[in-house]
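The values are calculated or read from the model by the stated rules, or taken from the named source; none is laboratory data. Not measured: the values here are computed from a predicted model. Cβ: placed from backbone, ideal geometry, glycine included. Neighbour counts: every protein chain shown. Just the protein is used for accessible areas: all its heavy atoms, side chains included, with ligands, DNA and RNA removed. Shrake-Rupley method; radii C 1.70, N 1.55, O 1.52, S 1.80 Å.
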Amino acid sequence: MLHIVHTMLNGLFDYAGLFPPSAEAMESAAANYASYLRGEWSFAAARLVVPTRRLAELATAAEGITIEKEWRLSALVGPEFESELCFIETFNDAQAGRFVVDTVEFKPADTGSIEAILGLAPEEITVYCETPVHREPSCLFSALRGSRGRAKLRMGGIEEGAFPKAADVAAFLKLAAASAVPFKATAGLHHPLRSRHPVTYEPDAPETWMYGFLNLVLASALIREGMEEDEACELLSETSIAAFSFEPDAIAWRDWTLGSAHLATTRATFLISIGSCSFREPLSGLATLGLL
């Protein structure tokens, strides 16, 4: 594997197998995550995503699993986040050595709820706030600027209309970079390149254009290097692997070249992770392209 590919993938995927379209049972999701942490692609595995209300269920489901290293969890919290944060603190104390919730994901209603959750969450817990994707800077995004909060970018869903326009994604990336706000992406990123796929795993599911995680990672990195929104939009829409060239420590697209050092910085400080209900599907797609 090329070093540049390892840099891109290192800790990239939060496993969200409990959520659609996979919608695994808790026992299956826990067993899957344990196998990913032991498997050949373990370096690409980040956190297990679990709703706060199902944390106790996870602890029970994983009782028969040997946990050699504490599992890092990202917990989804809702409007009653104050009580949920208290529960998370109790859970972390009780499950020390097996599980630790060190990240929460939240869909704020307004700027006040962002300020409230950031004021209540312990310093050791990272807070991601799902930020609407549209052309104009939102007040919710503005509230994250200069805070310890991070943004969450939804890239798809189980309906055709859930996938944002490439121009809106490019605008989000530009705003995030200008605001120095790290983010995670979620949903619809099961494949390396932009391509058409069914929106669910059902036999009669409609197909739509889905974004590629390779496109998103490179666009995120290059927009920090000065790429303008219109060209980032074209990169997000790129469908051919032949448009990219790969060297041990660099990836090139058109006149842009991204080295390992800059990509590592992007991954550490800007695009932190990608939530996916499948861990194997995106990596298998990269292997099919001969890059893994």
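Taking the Cβ of Thr257 as the center, what net charge do the other residues with Cβ under 11 Å away carry, scoring Lys and Arg +1 and Asp and Glu -1?
Summing Lys and Arg as +1 and Asp and Glu as -1 gives -3.
What percentage of all Cα-Cα pairs in region 11-127 are separated by more than 23 Å?
Of the Cα pairs, 29 percent sit more than 23 Å apart.
With the full set of protein chains in place, find how many percent of the accessible area of region 157-292 is carbon and sulfur; take the probe as 1.4 Å. The partial results should precede the final answer.
Working: 2790 of 5430 Å².
Percent of accessible area from carbon and sulfur atoms in region 157-292: 51.
To the nearest µm²/s, what D does Stokes-Einstein give for region 1-44 at 25 °C and 0.890 mPa s, using the Kirkwood radius over alpha carbon pairs as Rh?
Translational diffusion coefficient: 214 µm²/s.
Mean shadow of region 177-281, computed from the convex hull of its alpha carbons, in nm²?
Answer in nm², one decimal: 7.3.
Could you give the length gained by full extension between Ile65 and Glu89, i.e. 0.36 nm per residue of separation minus their alpha carbon distance, to one decimal place?
The span from Ile65 to Glu89 would gain 6.4 nm if fully extended.
P(r) for region 64-203: what percent of alpha-carbon pairs falls in each 10 Å bin, starting at zero?
11, 35, 31, 20, 3
Just the number please: accessible area per residue for region 29-153, 1.4 Å probe, all protein chains included, in Å². Don't skip to the end; give the middle numbers.
Details: 6010 Å² over 125 residues.
Accessible surface, normalised per residue, equals 48 Å².
What does the convex hull of the Cα atoms of region 225-264 come to per residue, in Å³, rounded to a whole number? Walk me through the intermediate numbers first.
Details: hull volume 3.0 nm³, N = 40.
Enclosed volume per residue, from the Cα hull, is 74 Å³.
Compute the orientation-averaged projected area for region 225-292 from the convex hull of its Cα atoms and round it to one decimal in nm².
Taking the Cα atoms of region 225-292, their convex hull projects to 5.4 nm² on average.
Lys and Arg at +1, Asp and Glu at -1: add these up for the other residues within a Cβ distance under 12 Å of Asn215 and post the number.
Values: positive: Arg194; negative: Glu234, Glu238.
Once all neighbours under 12 Å are counted, the net charge is -1.
May I ask you to order 142-151, 13-22 by the average number of other C-beta atoms within 10 Å around their residues, highest value first?
Ranked from most to least packed, the peptides come out as 13-22, 142-151.
So what is the relative contact order for region 102-230, in percent, with contacts set as C-alpha pairs under 8 Å and at least six apart?
Details: 208 pairs, mean separation 26.4, N = 129.
Normalised by residue count, the contact order of region 102-230 is 20 percent.
Count of lysine pairs in the chain with Cα atoms under 17 Å apart, counting only pairs 8 or more residues apart in sequence or on different chains?
Qualifying lysine pairs in the chain: 7.
Looking only at Met155, Met210, Met26, which one moves most when the chain is put into a Gaussian network model with springs between Cα atoms under 10 Å?
Highest fluctuation among the options: Met26.
Would you mind getting the accessible area per residue of region 234-292, heavy atoms of the protein chains only, 1.4 Å probe, in Å²? Don't skip to the end; give the middle numbers.
Details: 2500 Å² over 59 residues.
Computed with neighbouring chains in place, this is 42 Å² per residue.
Report the antiparallel proportion of the DSSP beta bridges in region 119-251 as a percent, rounded to a multiple of 5.
Details: 6 of 14 bridges.
For region 119-251, the DSSP antiparallel bridge percentage is about 45.
In Å and from the alpha-carbon atoms only, list the Rg and Dmax of the chain.
Computed over the Cα atoms of the chain, radius of gyration and Dmax are 18.4, 53 Å.
Which residue, Glu124, Glu160, Glu84, tops the fluctuation ranking in a GNM of the chain built on C-alpha contacts under 10 Å?
Residue with maximal mean-square fluctuation among Glu124, Glu160, Glu84: Glu124.
Ratio of alpha-carbon Rg to the 2.2 N^0.38 Å globular estimate for region 94-171, to two decimals, please.
Numbers: Rg = 14.7 Å, N = 78, 2.2 N^0.38 = 11.5 Å.
My calculation over the Cα atoms of region 94-171 gives 1.27.
With N set to the residue count of region 22-85, report its C-alpha Rg divided by 2.2 N^0.38 Å to two decimal places.
The value comes to 1.17.
Could you work out the relative contact order of the chain, using alpha carbon pairs under 8 angstrom and six or more residues apart, expressed as a whole percent?
Dividing the mean separation by the residue count of the chain yields 21 percent.
Per-residue ellipticity at 222 nm for the chain, helices alone: DSSP H runs ≥ 4 residues times -39500 (n - 2.57), over residue total, nearest 500 deg cm²/dmol?
-11000 deg cm²/dmol
Can you list the residues of region 47-83 with backbone N under 11 Å from a point 7 Å past the Cα of Ala116, pointing along Cα to Cβ?
79-83
Within region 145-164, find all residues whose amide N lies under 17 Å from a label point positioned 7 Å from the Cα of Glu207 along Cα-to-beta-carbon.
Flagged as within label range: 159-161.
Within region 184-208, which residues have the backbone N less than 16 Å from the label spot 7 Å out from Ala287 along Cα→beta-carbon, could you tell me?
191-192, by backbone N distance to the label point.
Sticking to Cα atoms, compute the Rg of region 154-197 to one decimal and its Dmax as the biggest Cα-Cα distance, whole number, in Å.
11.5, 33
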